1. Scanning for something modelled with pLDDT under 95 and of a type in the set (Val, Ile, Thr), does the stretch 100-113 turn up at least one residue?
2. I'm trying to understand the selection: among the residues of the stretch 160-197, which are touching a residue at least 24 places away in the same chain (Cβ under 8 Å), hydrophobic (A, V, I, L, M, F, W, C) and within 21 Å of residue 55 (Cα to Cα)?
3. Is it true that some residue in the stretch 136-159 is free of Cβ contacts under 8 Å to residues at least 60 places away in the same chain, over 27 Å from residue 59 (Cβ atoms) and surrounded by 14 or more Cβ atoms within 10 Å (Cβ to Cβ)?
4. Can you name every residue in the stretch 221-245 that is closer than 23 Å to residue 189 by Cα, surrounded by fewer than 10 Cβ atoms within 10 Å (Cβ to Cβ) and modelled with pLDDT of 85 or more?
5. Spot the failing condition for residue 218; the list is (1) within 21 Å of the chain's Cα centre (by Cα); (2) over 30 Å from residue 67 (Cβ atoms); (3) charged (D, E, K, R); (4) surrounded by 11 or more Cβ atoms within 10 Å (Cβ to Cβ), and only one is missed.
6. Do the conditions hold for residue 69, that is, is it assigned by TED's automatic domain parsing to the domain that holds residue 181, more than 21 Å from residue 183 (Cβ to Cβ), hydrophobic (A, V, I, L, M, F, W, C) and without any contact (Cβ under 8 Å) to a residue 60 or more places away in the chain?
7. Report those strands (runs of 3 or more DSSP E) wholly inside the stretch 160-201 carrying at least 3 residues which are surrounded by 17 or more Cβ atoms within 10 Å (Cβ to Cβ) and either of a type in the set (Val, Ile, Thr) or modelled with pLDDT of 85 or more (or both).
Amino acid sequence: MTPTLLCLLFSATAAAAGLDDPRIVSASPSVSLDGAWHAFSDAATMAATVPGDVITDLQVAGLIGDPLFELNFKNATLWSRTWTYTKTFAMPTAAQAGSVWWVVFDGIKMGATISANGAKLGEATDQFVKYRFPITLKANNTLTVAFDIPTNGRYMACTGGWDWGPYSNTFEGKDHTFSFGIWKSVYLLPVAAASGALTGVVPEIMYLGSHPVLPLVDGKHAGFDVKVKVHLFSKAGLKGTLLPYVHLCTPLIHVYTPYIHNICTIYTPNTPHNTLHTSHITP
């Protein structure tokens, strides 16, 4: 087999809108399943939008009023039911013979069972996990996400009855919940038989000095230790070279750290050696 060259690209970009996660990368382009979906329960059917959530879809469909108006958020008559989201789509025209196909969910809030063409693919029980499932595609396909299983608390608690989240009359066990849905992107990804996919990049950055209580001064701090774990997948064994390449797509990145003198850490890629700079900001 011809050696395969994999180029690892670390990209820092500011998303224009929404919650946009880095996608799994293969030699073939992904196919987005975002946009118009259909949702139904034992009480109603409606058009739905992904990324999104059931309460927003109910409001857009005119089935409920503004959930944050007066006490509307306590009336969970419609959204406390089991809702199922469906998407129909044709076989992508770019499909290659021998490719492995995945359906990837960047984020599903609350527990759900995922099926395709009547066959169960798996379950999602953690809002913060990217799920991917192998899928067998036909000429015409139906993808189904049924919110019918518990998460056992693996979701953002502040979105329901906790801290600043709205009080609710919906629960998982003793915990309040508020809305659910496919809150991040969904897409199909082909992985060619003679290729591979980069499924995840996990950086670990450690400061080598003692805990800083003042802004770090460029050239006068202890430095950083950067470790990166890369997860790869291939249908068959591959031999190749993994090349790290650092690239920043934005000229300036601000990271707000409120508990250290309101410092704004600024990474300026155009300066020599990609140095770190710090400056004070007014919150």
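The values are calculated or read from the model by the stated rules, or taken from the named source; none is laboratory data. The structure displayed is predicted, hence computed values, not measured ones. Note that we place each Cβ from the backbone using ideal geometry, even for glycine, and neighbour counts take in every protein chain shown.
1. yes
2. 178, 180, 182, 183, 186
3. Within the stretch 136-159 (the criterion being free of Cβ contacts under 8 Å to residues at least 60 places away in the same chain, over 27 Å from residue 59 (Cβ atoms) and surrounded by 14 or more Cβ atoms within 10 Å (Cβ to Cβ)), the answer is yes, since at least one residue qualifies.
4. Within the stretch 221-245, just 229 meets the criteria.
5. (1)
6. Spelling it out, residue 69 is indeed assigned by TED's automatic domain parsing to the domain that holds residue 181, more than 21 Å from residue 183 (Cβ to Cβ), hydrophobic (A, V, I, L, M, F, W, C) and without any contact (Cβ under 8 Å) to a residue 60 or more places away in the chain.
7. Counting at least 3 such residues, we get 186-191.
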